[in-house]
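The structure under discussion appears below in the form of structure tokens.
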Amino acid sequence: MSKLFSFSGSDNFFPGGSIYPNPKESSLFFSLGHHVDVYFPHHKRSRISPPIVCSGERVEKKNPSIEILPDECLFEIFRRLPGGQERSSCACVSKRWLTLVSNIHRDEINDNNKGGVVSKVEDQDVEGDGYLSRVLEGKKATDVRLAAIAVGTASRGGLGKLSIRGSNSTCGVTNVGLRAISRGCPSLRVLSLWDSSSVGDEGLFEIADGCHQLEKLDLCHCPAITDKSLLAVAKGCPNLKDLTIEGCANIENEGLQALARCCPNLKAISIKDCPLIGDQGIASMLSSASFTLTKIKLQALNITDVSLAVIGHYGRAVTDLSLISLPNVSEKGFWVMGNGHGLQKLKSFAVTSCRGVTDLGLEAVGKGCPNLKQLCLHKCAFLSDKGLVSFAKTASSLESLQLEECHRITQFGFFGSLLNCGAKLKAISLVNCYGIKDLNLGLPSVLPCKSLRSLSIRNCPGFGDASLAALGKLCPQLQHVELSGLHGISDAGLLPLLETREADLVKVNLSGCVNLSDKAVCIMADLHGWTLEMLNLEGCKISDASLVAIAKNCQLLSDLDVSKCAITDSGIAALARSNQIKLQILSMSGCSKVSDKSMPSLRKLGQTLLGLNLQQCKAISSSTVDLFVEQLWRCDILF
């Protein structure tokens with residue numbers, strides 16, 4: 001050992017060779033190879049335990065382990081590995097190694113391959129959009145899994161989309177997990193955090209510092225996140241295009257203002273149930289992103305007419321606007337928004353539970369939005385027939401109109417909008433509107449609405465045969481008809497609709513129309529069977545006669561629902577005997593008269609079936625269903 005102590009210390013590194021005359025002494029160190037230099041500190045010697053331990057008469061030899069190395073040494077080793085495959089392999093050894101590898105920043109990786117070791121190139125497991133996607137839900141959402149994702153995706157095309165939904169109650173996702181993602185996944189473009197109460201501003205700081213390509217951020221019920229996070233994202237992620245904030249009680253106006261200033265590509269915002277966000281934040285965002293913001297959704301916010309006025313003035317690029325549950329917005333706000341003449345590009349407008357939607361406000365919107373194509377009104381209690389007809393007269397570009405739970409709308413408003421809409425109206429939907437009454441209006445002789453292709457009327461108890469017959473004359477080009485839950489219509493009302501067609505029907509839904517019988521179905525199959533693709537007769541008063549007509553005439557039918565109907569084994573046999581029909585979906589739920597005798601027929605139909613619903617068919621035994629499952633392996637069977 002004298003040579004070791006006589007070392008002068010003028011050079012900190014000993015270049016090769018052995019400093020021990022006795023070869024056994026050199027075994028006190030781990031084998032490092034003849035080409036590795038060994039560093040000896042000036043003032044301190046490491047304590048080295050001898051490899052031989054004597055215990056009584058037994059001699060035990062200890063195997064050296066790399067685990068005795070401190071974290072700093074392992075970190076230096078890992079960052080000098082030649083490729084991502086090697087680092088991924090090391091991360092699989094233990095949680096300690098996984099933590100160390102996941103904390104290596106891309107800038108800290110030593111790419112100099114001095115040892116001449118070439119890493120194998122892994123297959124690039126890249127998805128259709130060019131980036132890998134990962135979703136963590138519930139108990140699977142932990143920091144350990146995030147670290148594994150950060151390491152594992154680094155050499156496989158990079159992580160592009162990460163969604164964290166919920167969190168493990170004991171060891172859920174925290175700022176530590178997001179730090180691993182920020183260091184190992186600089187290509188991250190989409191981040192969703194839902195119900196992550198343990199994630200705070202520090203986690204978003206890390207994302208903003210390491211994921212500069214972030215384009216979409218979705219924060220839902222993250223109470224620990226404040227304006228500081230949005231300020232950091234605004235500075236570190238200038239490519240942000242889509243922002244969704246929901247139920248974040250500590251986010252205020254300042255964060256929105258920073259995003260609007262620093263993110264010139266911001267195109268879509270959705271803000272819901274954030275009590276500290278008001279007119280100032282919305283106004284600042286709209287005014288700053290006036291030429292880029294195309295989609296806006298505001299729900300359950302404490303904003304007033306001021307915000308709507310700003311939207312109407314600065315929304316020059318807005319194409320989609322959704323306003324939901326805004327109790328402080330009045331008629332004045334909608335009127336000012338429509339008269340601001342800034343929504344020239346607006347194409348889709350949806351309003352739900354806003355008491356400010358009145359006749360005057362809706363008419364102003366129609367005048368101020370000349371390119372509006374789709375209007376959806378839900379729970380607008382103060383809108384009447386007058387406002388709807390006035391809007392229809394001004395909205396010349398309207399293609400789709402949806403009314404739901406607007407109880408002041410009657411037959412006059414419904415038919416008035418059809419008569420006054422422009423030549424572009426293609427679809428109209430009426431849902432749960434209790435103001436509709438079946439009246440014989442005696443419509444004047446006017447030009448029919450030949451542009452209308454789709455009609456949907458659901459759960460409007462006052463809609464009956466008279467209204468349906470009038471629709472048949474007014475809309476001769478209908479191809480998609482949905483009349484669901486209408487107890488007031490019968491064969492007498494449906495037949496005029498079927499017989500006055502200039503275009504043939506393609507999709508028909510008559511579910512819940514309990515007064516329709518075989519007569520209407522047989523006539524429909526005879527007149528429109530060669531074009532029908534989907535037919536829903538759930539709950540109608542039909543029998544095997546309807547199935548015989550369908551089997552004979554409906555060659556293109558692929559989806560048939562006869563649930564809760566009085567059909568029997570004979571009707572199923574009629575379908576199976578047809579060589580023309582190629583059903584893919586067949587639903588017979590609740591058909592108590594269909595029994596095991598239909599098994600041969602169903603087996604034949606099963607050659608093309610992809611879905612079969614046999615729920616609550618009490619005459620079909622479970623053993624028969626088990627046999628179906630074995631034989632019809634391509635078909636998804638519900639029982």
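The values are calculated or read from the model by the stated rules, or taken from the named source; none is laboratory data. Note that the structure is a prediction, hence the values are computed from the model and not measured. For neighbour counting, all protein chains shown are included, and Cβ atoms are generated from backbone atoms with ideal geometry for every residue, glycine included. Protein only, heavy atoms only, side chains kept; ligands, DNA and RNA dropped before computing areas. Shrake-Rupley method; radii C 1.70, N 1.55, O 1.52, S 1.80 Å.
The table below lists the values:
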item	result
Residues being modelled with pLDDT under 95 and open to solvent by 30 Å² or more (accessible area, probe 1.4 Å) - total across region 491-513	7
Counted residues, region 514-559 - those being part of a helix (DSSP H, G or I) and buried (at least 18 other Cβ atoms within 10 Å of the Cβ)	15
Residue list for region 285-302, filter: more than 27 Å from the chain's Cα centre (by Cα) and part of a loop (DSSP other than H, G, I, E, B)	none
Residue check for residue 599: without any contact (Cβ under 8 Å) to a residue 40 or more places away in the chain and farther than 27 Å from residue 512 by Cβ	yes
Strands (runs of 3 or more DSSP E) completely within region 148-267 that count 2 or more residues being open to solvent by 40 Å² or more (accessible area, probe 1.4 Å) and more than 21 Å from residue 108 (Cβ to Cβ)	159-165, 242-246
Of all residues making up region 328-350, the number that are outside any strand (DSSP E or B) and either crowded, with 21+ Cβ neighbours inside 10 Å or of a type in the set (Val, Ile, Thr) (or both)	10
Condition check for residue 557: under 19 Å from residue 625 (Cα atoms) and either modelled with pLDDT of 95 or more or not aromatic (Phe, Trp, Tyr) (or both)	no
Boolean, residue 276 is open to solvent by 30 Å² or more (accessible area, probe 1.4 Å), in the same structural domain as residue 312 (by the TED database) and among the hydrophobic types (A, V, I, L, M, F, W, C)	yes
Complete set of residues in region 300-322 that are open to solvent by 10 Å² or more (accessible area, probe 1.4 Å) and touching an Asp or Glu at 6+ places or on another chain (Cβ under 7 Å)	300, 304, 306
Test: residue in region 98-108 that is of a type outside the set (Asp, Glu), at pLDDT below 75 and closer than 29 Å to residue 204 by Cβ	yes
Flag if residue 347 is touching an Asp or Glu at 6+ places or on another chain (Cβ under 6 Å) and modelled with pLDDT of 95 or more	no
All strands (runs of 3 or more DSSP E) inside region 560-639 with 1 or more residues being among the β-branched types (Val, Ile, Thr) and either open to solvent by less than 80 Å² (accessible area, probe 1.4 Å) or closer than 15 Å to residue 537 by Cα (or both)	585-587, 636-638
Tally of residues being charged (D, E, K, R) and not in a loop (DSSP other than H, G, I, E, B) across region 448-465	2
Criterion: out of contact with any Ser or Thr (no Cβ under 9 Å at 6 or more places or on another chain) and among the small types (Gly, Ala, Ser) - qualifying residue of 467, 456	467
Breaking point among (1) among the polar types (S, T, N, Q); (2) on the phi > 0 side of the Ramachandran plot; (3) buried (at least 23 other Cβ atoms within 10 Å of the Cβ), for residue 325	(3)
